[in-house]
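Bear in mind these aren't lab numbers, they're just calculated from the coordinates by the rules spelled out. All of these numbers come straight from a predicted model, not from anything done at the bench. Here the Cβ positions follow ideal geometry from the backbone for every residue, glycine too, while neighbour counts run over all protein chains shown.
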Amino acid sequence: MSKKPVVIRSIAEMRNARQSSTGKVGFVPTMGYLHEGHLSLVKAAKQKSNIVVVSIYVNPTQFGPNEDLGSYPRDFDKDISLLTELAVDYVFFPTNEMMYPKSYKSWVIVDDLTEVLCGKSRKNHFRGVTTIVTKLMNIIDPDFMFMGEKDFQQLKVLQQMGSDLNFRTEIIGCPLIRENDGLAMSSRNKYLNTEQRKRALCLYKSLLLARKMFKDGICDVDNIAAEMRNLIENNDGRIDYIEVIDPNTLQSQQKAEKNSRIVLAVFIGNTRLIDNMNISD
Ligand code: PAF
């Protein structure tokens, strides 16, 4: 049954709607331009909650000065029609002035986990994410928050923050969703032209290759990463990082283990794509 969500544009109204909601509240934070990956989070939220809130907010503080804040894709009307089909209750759609007024001075920082992988090349990115998610959780006060494993590091950082700062919200990780050919779904895939879209498949293929090597008994990470690197560079991908990590600490490993996660970030043209996979999936 479809139902148009109530679009809320002020913090006070969002708090009121939350206070008058009965039962469990599930929350899906997004930057909009929704795809099946986001919709899978909404579906998970619907299964576990009585009321579902989705936020749509392109958070400026998680973008670096030379990143794509200005061109980040947006399509509010399409987002609302997708959320209508899933009968989402509320869409929280705040403005920059509301979230970061001129007098704004506070930040939430998680150590260590934010200093590796994407944190190395995207300075202050995670500070922006942890800060906006804290603000959204304070306003919406959800019982559950649903996040995709595509942003594996983001999920771990937010779970660490939730536990360290005693948030009552349970942060639930949901599986990464892929296109039919294996490309991880991302709003940024829109930046790829036809030729780049084909080359972008090298991320997924390199993960499959790593998984196969591990299955064949190869645990040496230098060896695995060298093969992945070859495959990606043959497709003109520019590698930011390829690592095999402990999924809990995010620390790099030299020998892959059963639950290791292979994580990578690669530029295809100017578009930075990330992907990851459990090495034994
Ligand atoms: O994953 C995203 O889309 C964003 O980082 C999030 C969690 C909505 C915070 O802006």
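Here the mean projected area of the convex hull built on the C-alpha positions of the stretch 120-198 is 6.6 nm². For ARG15 and LYS198, a Förster radius of 51 Å and the Cβ-Cβ distance give a FRET efficiency of 0.60, rounded to the nearest 0.05. Think of it as helices only: each DSSP H run of n ≥ 4 in the chain is worth -39500 (n - 2.57), and spread over all residues that comes to -11000 deg cm²/dmol at 222 nm.
Percent of Cα pairs in the stretch 173-281 per distance bin of 5 Å, from zero to the largest separation: 2, 13, 25, 25, 19, 12, 4, 1. Projecting the Cα atoms of TYR90, THR134, SER40 onto the charge dipole of the chain, computed from C-beta unit charges around the Cα centre, puts TYR90 farthest toward the positive end.
Between SER103 and ASN66, the contour length at 0.36 nm per residue exceeds the alpha carbon distance by 10.9 nm. Axis angle, to the nearest 10 degrees, between helix 125-140 and the longest C-alpha principal axis of the chain: 30 degrees. Using 7 Å Cα-to-Cβ label points, what is the PHE76/ASN259 separation (nm, one decimal)? Between PHE76 and ASN259, the label points sit 4.3 nm apart.
What you get for the chain, charging only the Cβ of Lys and Arg (+1) and of Asp and Glu (-1), is a dipole of about 540 debye around the Cα centre. Measuring max minus min along each principal axis, the C-alpha atoms of the stretch 182-228 give extents of 37, 16, 13 Å (largest first).
To the nearest ten degrees, helix 76-85 and the longest principal axis of the Cα atoms of the chain are 80 degrees apart.
Shape analysis of the stretch 53-128 yields a ratio of the Cα radius of gyration to the Kirkwood radius, Rg/Rh, of 1.03. Just to check, using Stokes-Einstein with a Kirkwood Rh over alpha carbon pairs, what's the diffusion coefficient of the chain at 10 °C and 1.306 mPa s in µm²/s? In µm²/s, the coefficient is 81.
Normalise the Debye intensity by I(0) for the stretch 25-171, one equal point scatterer per Cα, no solvent, then take log10 at q = 0.14, 0.16 Å⁻¹ and round to two decimals. Calculated log10 I(q)/I(0) at the listed q: -0.67, -0.90.
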